[in-house]
């Protein structure tokens, strides 16, 4: 078990390097004097605001949703139904707060789900400890023997 | 700050949203046909006023409804409302390279009142 | 969703498959279960709430919107209602926008607008910021509607994108893009096509496809389905 975890750790360190923005090649944050107004706006933009950006002509396709995706969608809507949050809080957390890397890199309903988990913690309905323990418990329930 | 999870259901049941905010924003500043420019206000942390509209001049197509603005609603604040408007732009005015061959093409999208100024 | 755990891994010989077994759940599946169970444990909602909303979500689809257009083509008074009070007009096609909560769905709100095409104006809808869509009357969005690609390009190069869906419009026709970025929700009411004289409401409903209601296709006599696209299948799809 420990060797599998160590292998996962080493693969993780490679994977996150591939997601770093190019400034990381200098090993440090840019100097404030290098930050133009244009760069400031680009970095602080709302990641969901993509209208008018360049992209390539594409072969359109469709996708069959996973069952967990529909269940996550229902959960986010029911949380709003019962007043835990409203849809606009969800959009902010799911489409902006996550940041550009997660915004473009995660599956669509994955972001819905992460935001639902996050609102439970942010509004103190659960502690992060409770969430972590529950995820761990669920995973253990489904481990092959 | 206590969070009353029944607030929105009490406010909107039987009415809907944004209908539940009807009458809460006062008089509308703009009306259909008015020429407006989209302001380029600071948009740190959250905006639903797309960058591609900033500084563009268009025409009010219709006043749609009163509602809390997304900048407030995104943090659960629904105590203040503004009028919302669909504004129509000529594509020729939005994009420098929009082909002259298609002079009639338009785009319309919605703004809360704070983002618009009379031209 | 059931998982079969009757595997007998012979750990004693030390050979473990490097990839996760199909029967293990993914990180997302585990998180989904965790969030739902915690929400119920903490009294935020009930399992019955989740079941009721699931049932609502399983029964939405594009037919009511298609029928709204068909009815409007046949009845000028109903068409006027669609254009002035689409929420009220929705009742005639079996959609009460206040369902299932009594105040509407949290994400779709209750301000539907119908965009009327004319021979000189064609509408097409996008939500550049996310994927806002009139689910109660149109069902779930196709995946392409949610992609950054569609959302980046439709507002700036609409005719190119429409051409990729097989739709080419004359230069004099006004292509009007609706960027659905706030609480209003939109469907397109296309022009009734030629070759449909004397058709019944059912026949007309059949040719108003979801693609027509978004605006990436025009209705055509004899075409009753959306554009055929390659589809990526789910590992564990929902079963409706």
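Relative protection proxy for C:36-49, A:124-137, C:139-152, from highest mean packing down: C:139-152, C:36-49, A:124-137 (other beta-carbon atoms within 10 angstrom). Every Cα-Cα pair of the protein assembly as shown was included, and the share exceeding 41 Å stands at 23 percent. Would you kindly give the portion of the calculated P(r) for chain C that falls above 32 Å, as a percent of all Cα pairs? Roughly 33 percent, rounded to a whole number. Using the Cβ-Cβ distance between residue A:59 and residue B:101 with R0 set to 22 Å, the FRET efficiency from 1/(1 + (r/R0)^6) comes to roughly 0.30.
Mean per-residue shielding of peptide C:169-175 is 4, counting Cβ atoms of other chains within 10 Å of each Cβ. Each label point was placed 7 Å from the Cα along the Cα-to-Cβ direction; for residue C:202 and residue B:5 their separation is 4.6 nm. Relative to the current alpha-carbon distance between residue C:55 and residue C:224, full extension at 0.36 nm per residue lengthens the span by 58.2 nm.
Is the shape of chain B rounded, prolate or oblate, going by the alpha carbon gyration tensor and its root eigenvalues a ≥ b ≥ c, with a/c under 1.5 for rounded and a/b larger than b/c for prolate? Here chain B falls in the prolate category.
Label sites at residue B:92 and residue C:48, each approximated as a point 7 angstrom past Cα along Cα to Cβ, lie 6.2 nm apart. Annotation for residue C:236 and residue A:67: the two label points, set 7 Å from Cα along the Cα-Cβ direction, are 0.7 nm apart. Remind me, relative contact order of chain C in percent, using alpha carbon pairs under 8 angstrom and six or more residues apart? Worked out over chain C, it gives 20 percent. Springs join every pair of Cα atoms under 10 Å in this Gaussian network model of chain B, and among B:100, B:32, B:56 the largest mean-square fluctuation is at B:100. Against the longest principal axis of chain C, how steep is helix C:63-74, in degrees 0 to 90 to the nearest 10, with axes from Cα atoms? For helix C:63-74, the angle is close to 0 degrees.
Once C-alpha pairs closer than 8 Å and six or more residues apart are averaged by separation and normalised to the residue number of chain A, the relative contact order reads 20 percent. Treating r as the C-beta distance of residue C:37 and residue C:77 and R0 as 60 Å, the FRET efficiency rounds to 0.75.
Considering every residue in A:98-108, what mean count of other chain Cβ atoms within 10 Å of its Cβ is obtained? Don't skip to the end; give the middle numbers.
Working: counts 0, 0, 0, 0, 0, 1, 1, 0, 1, 1, 6.
Mean inter-chain Cβ contacts per residue within 10 Å come to 1.
Averaged over the residues of peptide C:154-162, the number of Cβ atoms from other protein chains lying within 10 Å of each residue's Cβ is 6.
In chain B, helical runs assigned H by DSSP with n ≥ 4 each contribute -39500 (n - 2.57); averaged across all residues and rounded to the nearest 500, the mean residue ellipticity at 222 nm is -2000 deg cm²/dmol.
Each value in this text was obtained by applying a stated rule to the coordinates, not by laboratory testing. Because the structure is predicted, anything quoted here is derived from the model rather than measured. Using ideal geometry, Cβ is built from the backbone for each residue, glycine included, and neighbour counts are taken over all protein chains shown.
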